[in-house]
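Trainee: Below is a structure I'd like to ask you about.
The values are calculated or read from the model by the stated rules, or taken from the named source; none is laboratory data. What you see is a predicted model, and the numbers here were worked out from it, not measured in a lab. FYI the Cβ positions are ideal-geometry reconstructions off the backbone, even for glycines, and counts take in every protein chain you see.
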Amino acid sequence: MLLSRHFDEPLAQASWLVGCQATGTAIVIDPNRDVQACLDAAQADGLRITHVTETHIHADFVSGARELAQRAGAELLLSAEGGDDWQYAFRGEPNVRLIRDGDTIAVGNVRLDVRHTPGHTPEHLCFVLTDTPAGPQPMGVFTGDFLFVGDVGRPDLLERAAKVAGTMEAGAHALFASLQRFKSLPDWLQVWPGHGAGSACGKALGAVPSSTLGYEKLVNWGLATTDEEAFVREVLAGQPEPPAYFAEMKRINRDGPPPLGTLPVPRPLPAFALADALAGGAAVLDLRPAAAFAAHHVPGTTCLPYSRSFSTYAGSVVPFGSAVYLLAADASGDQVRRAARDLALIGYDRLVGAFGTDALEAWVAAGGPMGSIRQYTPRDAAAVVGSTHAVLVDVRTRREFAEGHLPAALNIPLAELVARVAEVPRDRPLVVQCQGGTRSAIAASVLRARGAKAVGNLEGGIDAWRAAGLPVE
């Protein structure tokens, strides 16, 4: 047997390839949209992908299962659990086989036993793996978004992201029951989850790529909690606000994602096209560092410094379906290509092209206006809030806010800012703040682009505020 993990850093998401080297066949579990990477990995190991499956209908990225199965000529195995309301719309396609609790998937000499584990979603499945030539005992389990290293899946996304009312608490009870049944499996089983630290699919995911069920029974709060009502309260408390794009992912992955083909390569655009892009209402994402954006930027552009969190931040503030342009130091550079891939993996398919910093120079040379965002030190921010009618806007999550916040701050999480922008006063100066300064820089640019005039950013966030000895509630 061959087992390989393929981890996407921006999504904090793991796809798994399991191969039988005796027969040269393989299965891929939870592939993302970059399916060529799976095909290349299988070819490098001398394997042919004959089966593709996924643990559930994903909310945080566009699934590549359908496209991978079509391109590999593989059978696509989809959950038939969860009831009629949670079925894949494309389940009747010729290469699709529906699977249920208790079914078995044979990939050469490798066996996967299907377990229905509802809670995160009603249709969620786990796959218990046995390498049959090595022995009859199972080796590990692919847990998807049901069980993570140090945490369990969140049961609130159908309600909070997809707006399916009344599912959150029922999902929490179902998750508790699934975990109790799961604990009957052998302690030696390796646990191979679908996400790691940095994913919004849980609130305390570990950064270790795998664990064992026995170890998780000792340290994972979700498995250790035996009181059902206490579990329900805890699993629903403090979950991070889902980025706005999550709701679209559920719909796209249920209905059948369109094939991506090759990853997008944005074409460099001439400087004069920048004005047309902004006039047409497109989203122009400035990938430069936040400090460079604050010093000078084209009005109407959005500050989105490229980082590991780019996907999450873009999906939080860029309206889904928007025409998107990128602006970076080099319109043909690696940063632009990586950002384009990240956007494609979360379904932003209207990527028109990219501008380099020469577009900024041409903009200035043509007499175009330039904007800036004031950077406040903690003491300057305290002075302006204390002496004027300035509003302090905290764009951290509700959980972060509850753990400590600046006096009189208005809490609107970044993931909700676009939807709730009308709650932010336009006639008063604004000081935007987060934990360390990145989310607030993004939020400040969003507020400026939507008409707020006097917008500043608290440099260093609440961390710098605390370090300056200023009061925190």
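Trainee: Counting only residues that are among the aliphatic types (A, V, I, L, M) and closer than 23 Å to Gly347 by Cα, which one in the stretch 2-16 is nearest to the chain's Cα centre (by Cα)?
Mentor: Leu11
Trainee: Any chance the stretch 141-155 includes a residue that's surrounded by fewer than 20 Cβ atoms within 10 Å (Cβ to Cβ) and among the charged types (D, E, K, R)?
Mentor: no
Trainee: Here are some residues: Gly92, Gly108, Gly119, Gly135. Which one is in contact (Cβ under 8 Å) with a residue 24 or more places away in the chain, in the same structural domain as Glu54 (by TED's automatic domain parsing), farther than 14 Å from Glu81 by Cα and of a type outside the set (D, E, K, R)?
Mentor: None of the others qualify; the one that does is Gly108.
Results for (1) within 21 Å of Gly64 (Cα to Cα); (2) β-branched (Val, Ile, Thr), shown as yes or no for each residue.
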site: Thr104; (1), (2): no, yes
site: Asp113; (1), (2): no, no
site: Glu123; (1), (2): yes, no
site: Thr130; (1), (2): no, yes
site: Gly135; (1), (2): no, no
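Trainee: Select from the stretch 440-454 the residues that are modelled with pLDDT under 95 and over 16 Å from Glu416 (Cβ atoms) and write down the one among them that is surrounded by the fewest Cβ atoms within 10 Å (Cβ to Cβ).
Mentor: Ranking the qualifying residues of the stretch 440-454, first place goes to Gly451.
Trainee: Here's another thing I want to ask about it. With (1) of a type in the set (Asp, Glu); (2) closer than 19 Å to Lys250 by Cα; (3) free of Cβ contacts under 8 Å to residues at least 12 places away in the same chain as the list, and Asp40 as the residue in question, which single condition is left unmet?
Mentor: All conditions pass for Asp40, except number (2).
Trainee: Identify all residues within the stretch 94-123 that are assigned to a strand (DSSP E or B) and touching a Cys at 6+ places or on another chain (Cβ under 7 Å); write none if there are none.
Mentor: Val107, Val110, Arg115, listed by residue number.
Trainee: If Leu76 satisfies all but one of (1) part of a loop (DSSP other than H, G, I, E, B); (2) in contact with a helix residue (DSSP H, G or I) (Cβ under 8 Å, 6 or more places away or on another chain); (3) closer than 16 Å to Pro257 by Cα, what's the number of the condition it fails?
Mentor: (1)
Trainee: So Phe293 passes all but one of these: (1) farther than 20 Å from Leu414 by Cβ; (2) more than 22 Å from the chain's Cα centre (by Cα); (3) among the aromatic types (Phe, Trp, Tyr). Which condition number does it fail?
Mentor: Result: Phe293 fails condition (1) only.
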